[in-house]
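The values are calculated or read from the model by the stated rules, or taken from the named source; none is laboratory data. Predicted, not measured: the structure shown is a model, and the values here were computed from it. Cβ: placed from backbone, ideal geometry, glycine included. Neighbour counts: every protein chain shown. Accessible surface is based on the protein model in full, side chains and every heavy atom, while ligands, DNA and RNA are left aside. Shrake-Rupley method; radii C 1.70, N 1.55, O 1.52, S 1.80 Å.
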Amino acid sequence: MSSLAARRRSPYALLVLLVLGLMFTGTAYAALQPSTARPGTSAATSSAEEIAHGEQLFLANCASCHGLNAEGNEPIGPSLHGVGAAAVDFQVGTGRMPLASPATQSERNEQQVRFNQEEISAMAAYVDSLAPGPAVPDEEWLDPSQGDPANGGAIYRTNCAMCHNSSGTGGALTRGKYAPSLMGVQPVHIYEAMLTGPQAMPVFNDQNITPEEKRDVIAFIDAIDNGVNDHGGSGMGNLGPAGDTLFAWTFGIAAFLGAAVWLGRKAA
């Protein structure tokens, strides 16, 4: 018993307990952390040939602004280290990049996309190979029919409506910037925008908004875009409460004034 008591009072006992506690905490965190989307396009899922092809495309079309090694060339172009394949797929796939000329904000123009999807994926894989970042999402997270529009609407109104309008038609920001309309945007680009936070938009990683919740947001936006939200008649351009208020104020006040004039003349 005395020998056991001596071992309990050993100066190493506290150190052993601390190490065991750290090991248990790390194991529990790894086991219980939220699941994330499996990578679609990234350096880890691309061949060496695809990455090399992407490097050639990058040097020919992007290096003049972003640097030969994507290290950035401020104030012309930021570093692309760590932005991931998703950011490249979003910026190039929506026609925002390569930027034709300096502007306060690059605009979506999918009619002016200069590369096919194979080339975009190659450039995305190359940039991701320099420093890994968010990957292009898998198809399973992009199907609106598998999402919950009601839950997506709640998430959207909490995190997105203050900039993009309650109906996703966009809105003005400060210093000449704006939140673009979400109508007609491909699901993959909606997901990538949430994942990478382009321009003035905050980043919503998969711990903030899970892949399932992102799919729900996509389902909500798809429902609006397809007129599901137009209950009871015209959606009036889906401008949200502001449009309804303008309509009621313009025509409602005019009707009240007309009624007042008519009643006044009749009384006279």
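Worth a mention:
- At R0 = 35 Å, FRET efficiency that the Cβ-Cβ distance of Thr104 and Ser145 yields, to 0.05: 0.40
- Exposure of Asp143 as accessible area (Å², to 10), given a probe of 1.4 Å and all protein chains: 60
- Straightening the chain between Thr25 and Arg265 buys 78.1 nm, computed as 0.36 nm per residue apart minus the Cα-Cα spacing.
- Total formal charge among the other residues, if their Cβ is under 11 angstrom from that of Ile120, Lys/Arg +1 and Asp/Glu -1: -2
- Put simply, the C-alpha atoms of the range 53-196 give a gyration tensor, and the ellipsoid matching it has half-axes of 27, 19, 13 Å, longest first.
- Dividing the Cα radius of gyration of the range 136-235 by its Kirkwood radius returns 0.95 for Rg/Rh.
- Counted by Cβ distance under 15 Å from Gln91, the other residues give a net charge of -3, where Lys and Arg count +1 and Asp and Glu count -1.
- Ranked by how many other beta carbons lie within 10 Å on average, peptides 93-99, 59-65 from highest: 93-99, 59-65
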